[in-house]
Amino acid sequence: MKKGILIVVSAPAGCGKDTIVEKLFETEREIRYSVSATTREVRGGEAEGTDYFFKTREEFEEMIERGEFLEYTEYCGNYYGTPKSAVTEALESGHDILLKIEVHGAENIKKMFPNSVLIFIRPPSLDELRRRLIKRGTEDLETIERRIEIACKEMTMQCDHYDHYVINDDLEQAVNEIKDIINKKRESL
Ligand code: 5GP
């Protein structure tokens, strides 16, 4: 049976990761998406069960207790976690699955699944990142600065465990680079 690939995509907030992944799924329809659980507030346009499973802290902590997460972390004051069931089900049935998670989660996944493909997306620059976050307008300035602080850390010292680095300067090019990475991994199996 065909083996499923576990693909992890990380990027500091505002690097265009969501747009890249959306565009990737337009053509790579057979790849499944791992919907994470989170305690952060719902943003405009987000849907329960599609973007995230939105939980209260209490509900999330119960899920931790029950061992329902493959990995989870606290980021910017909120919990985020990857439910175990969807990932194991996909891989066991030979389907590829993509996780859009931050650096600590990615590191943990790599330890559990050494054969996973870890891709880190970088913005062209930190100034550009700040501009994109302000333009997006989903967070207040204080949160944006916190996210930029995390982004700096992520980009300088916490991303050396990734297999591939892609700069999101040109959307089309970034998506194509990711498709190439996935295809090469498929060929190597
Ligand atoms: P956002 O609030 O912008 O949707 O996500 C904040 C950060 O949490 C992003 O880097 C996102 O990729 C990450 N994230 C989302 N879900 C998970 C998860 O299940 N586990 C981990 N470790 N990080 C996640």
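The values are calculated or read from the model by the stated rules, or taken from the named source; none is laboratory data. Owing to the predicted nature of the structure, the values given are computational and were not obtained by experimental measurement. Heads up, the Cβs are rebuilt from the backbone with ideal geometry, glycines too, and the neighbour counts pull from every protein chain shown.
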**Report entry** Check on Ala86, more than 20 Å from Val166 (Cβ to Cβ) and within 13 Å of the ligand (Cβ to nearest atom)
**Finding:** yes
Report summary line: Just one listed residue, out of Arg32, Arg43, is more than 14 Å from the ligand (Cβ to nearest atom) and in contact (Cβ under 8 Å) with a residue 12 or more places away in the chain, and it is Arg32
Query - Top-ranked residue of region 164-189 - restricted to ones that are outside any helix (DSSP H, G or I), of a type outside the set (A, V, I, L, M, F, W, C) and touching a helix residue (DSSP H, G or I) at 6+ places or on another chain (Cβ under 8 Å), ranked as modelled with the lowest pLDDT - result: Asn168
Query - Failed condition for Lys111, given (1) surrounded by fewer than 14 Cβ atoms within 10 Å (Cβ to Cβ); (2) touching a residue at least 24 places away in the same chain (Cβ under 8 Å); (3) within 15 Å of the ligand (Cβ to nearest atom) - result: (2)
Report summary line: Over region 28-63, the set of residues loosely packed, with under 13 Cβ neighbours inside 10 Å, modelled with pLDDT of 95 or more and not charged (D, E, K, R) is Val42, Ala47, Gly49, Thr50, Thr56
Requested in this report: Select, from Glu59, Glu71, the only residue that is within 11 Å of the ligand (Cβ to nearest atom), in contact with a Ser or Thr (Cβ under 9 Å, 6 or more places away or on another chain) and outside any loop (DSSP other than H, G, I, E, B).
Outcome: Glu71
Report summary line: Within region 20-48, of all residues that are outside any helix (DSSP H, G or I) and within 17 Å of Val166 (Cβ to Cβ), the one farthest from the chain's Cα centre (by Cα) is Glu28
Report summary line: Being over 21 Å from Asn168 (Cβ atoms), of a type in the set (Val, Ile, Thr) and crowded, with 22+ Cβ neighbours inside 10 Å narrows Thr88, Thr82, Thr73 down to just Thr82
Report summary line: Among Ala86, Ala106, the single one that is of a type in the set (A, V, I, L, M, F, W, C) and over 12 Å from the mean Cα position of the chain (by Cα) is Ala86
Query raised in the report: If you check Gly81 against the conditions, is it assigned to a loop (DSSP other than H, G, I, E, B) and of a type in the set (Gly, Ala, Ser)?
Result: no
**Report entry** Among residues of region 1-19, those that are outside any loop (DSSP other than H, G, I, E, B) and near the ligand (Cβ under 9 Å from one of its atoms), counted
**Finding:** 4
Report summary line: Note on Pro124: of the conditions (1) surrounded by fewer than 20 Cβ atoms within 10 Å (Cβ to Cβ); (2) within 11 Å of the ligand (Cβ to nearest atom); (3) more than 15 Å from the chain's Cα centre (by Cα), unmet is (2)
